[in-house]
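Below is one structure, written out as structure tokens; comments come after it.
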Amino acid sequence: MKNSRLPLLLALAGLPLMLTACPRPPYDPPVSLTFSLPDGAPDNLKLAAVSFQVQDDQTVKPVVFSQGYGYSSKTLAISLDKSQLAALSKNTRCTTPFSTGEAKDMLNVSVTPGDVSTCDLFFVAYQDKNGDNNPTSEEERYITHDVYSYASSAFTYSMTTKDGHSTVQGTRTQGWSLVRHTVLQPSATPGKYIVTMNSVPTADESISIRLHEPTNFMTSMSLGGRP
């Protein structure tokens with residue numbers, strides 16, 4: 001009489017070998033960003049990456065994505081986990097159409113392609129006076145206008161402020177990238193500003209981001225030591 005359990009036993013015996021033969025996915029290190037503090041900055045600062053998410057009542061609420069750490073007496077750093085970034089990019093409370101999100105309240109908006117969606121992480125250095133690891137406007141000390149941004153597709157855009165004083169333009173890559181903020185004030189057009197927000201190559205993400213006191217996004221530099 002044949003043993004009907006033999007094929008099953010043989011199959012089970014080979015299962016551990018099959019499991020151990022499956023290759024492990026390669027380690028994907030987090031995105032590491034460093035931030036330089038201005039002279040005279042206090043020693044007890046914390047750094048946070050914050051997203052702004054639309055709530056059910058259509059209000060927008062800041063949500064802490066990740067906390068940073070002290071790197072040196074003049075430098076803060078933060079690590080952004082790529083699996084968490086992937087999850088945030090799929091969160092429709094953060095990833096919203098560019099034309100009705102970032103471009104809201106702007107004029108002469110031109111976006112190519114027009115259906116791109118974005119989600120941004122903003123960085124703030126703060127004094128955690130109440131110890132809850134959530135920065136408030138009262139605790140905020142330094143910011144940067146550079147952002148870590150997700151785009152559903154590569155895109156270019158331009159738009160102007162309602163007062164006509166500033167033009168904002170940029171080119172971003174698909175996926176997550178560090179977007180640097182620069183401001184130019186052409187001598188030929190006094191009182192007019194050109195703001196650019198471009199994705200930088202991955203290799204340039206290692207360049208330290210300068211933190212500064214809060215300034216006007218449309219008229220103030222946050223790169224090169226001139227806030």
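Below is a table of values for the structure above.
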quantity: Inter-label distance for R93 and V54, nm, one decimal - labels placed 7 Å from Cα along Cα-to-Cβ; calculated: 1.3 nm
quantity: Candidate lysines - alpha carbon under 29 Å from K74, same-chain residues fewer than 8 apart omitted; calculated: K46, K82, K129
quantity: Residues of the chain: accessible area per residue with a 1.4 Å probe, Å²; calculated: 58 Å²
quantity: Protein-only accessible surface order, largest first, of M159, M106 at 1.4 Å; calculated: M106, M159
quantity: The chain: most fluctuating residue of A203, A151, A86 per GNM, C-alpha cutoff 10 Å; calculated: A203
quantity: Dimensions in Å of the chain - Rg and Dmax from alpha carbons; calculated: 23.1, 99
quantity: Per-pair calculated FRET efficiency, R0 = 45 Å: T100 and D28 via Cβ, rounded to 0.05; calculated: 0.90
quantity: Difference of contour (0.36 nm per residue) and Cα-Cα distance, H165 to S187; calculated: 6.5 nm
quantity: Computed FRET value (nearest 0.05) for S208 with N108, which takes r as the C-beta separation and R₀ as 35 Å; calculated: 0.55
quantity: Point-to-point label distance, T196-Q84, nm (Cα→Cβ direction, 7 Å offset); calculated: 3.2 nm
quantity: The chain - percent of accessible surface contributed by carbon and sulfur, probe 1.4 Å; calculated: 56 percent
quantity: Three-way shape call for the stretch 19-72 based on the alpha-carbon gyration tensor, with the a/c threshold at 1.5; calculated: oblate
quantity: Assigned charges on the beta-carbon of Lys, Arg, Asp, Glu; the chain dipole about Cα centre (debye); calculated: 800 debye
quantity: Helix 6-21 vs. the chain, principal-axis angle (Cα, 0 to 90°, nearest 10); calculated: 30 degrees
quantity: Prolate/oblate/rounded label for the stretch 117-178 (Cα gyration tensor, a/c 1.5); calculated: oblate
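The values are calculated or read from the model by the stated rules, or taken from the named source; none is laboratory data. Keep in mind it's a predicted model, so treat the numbers as computed, not measured. Cβ atoms come from the backbone with ideal geometry, glycine included; neighbour counts cover every protein chain shown. The accessibility values were calculated without ligands, DNA or RNA, using every heavy atom of the protein model including side chains. Shrake-Rupley method; radii C 1.70, N 1.55, O 1.52, S 1.80 Å.
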